[in-house]
């Protein structure tokens, strides 16, 4: 999946919506994103590049999903979700994109590149 696709899918999972609008003066249509609080913005957060955005996304996970996420993150990093300190360090320091991939795998929304 591209970063744009990943960001879109995570945003939708987190309650963001795409709103189609029409400019009545000029007659063209355009899209805006609406955050979970109803604010219109140009784009959703950059989940692939911003650890803070991924932290916010991870906050929606249930306890069961958090365990699955830890397992999926270990798979993405090719580490073990055990108590091995070296693996724990790698898991803790995963990039935003690695965390985004694990998040989408947890939610059953990851699509491999074709």
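The values are calculated or read from the model by the stated rules, or taken from the named source; none is laboratory data. As the structure is a prediction and not an experimental result, all values here were calculated from the model. Glycine also receives a Cβ, built like all others from the backbone with ideal geometry; neighbour counts cover every protein chain displayed.
Report whether or not residue 88 is part of a helix (DSSP H, G or I) and in contact with a helix residue (DSSP H, G or I) (Cβ under 7 Å, 6 or more places away or on another chain). Judged against the criteria, residue 88 is not a match.
Consider segment 54-70 and keep the residues that are touching a helix residue (DSSP H, G or I) at 6+ places or on another chain (Cβ under 7 Å) and in a helix (DSSP H, G or I). The one that is nearest to residue 88 (Cα to Cα) is 69. The single condition from (1) over 25 Å from residue 91 (Cβ atoms); (2) crowded, with 16+ Cβ neighbours inside 10 Å; (3) at pLDDT below 95 that residue 25 fails is (2). Entry remark, segment 7-24: residues being touching a strand residue (DSSP E or B) at 6+ places or on another chain (Cβ under 9 Å) and assigned to a helix (DSSP H, G or I) number 3 in total. The set of residues in segment 91-112 that are within 15 Å of residue 51 (Cβ to Cβ), assigned to a helix (DSSP H, G or I) and at pLDDT 95 or above comprises 96, 97, 98, 99, 100, 101, 102, 103.
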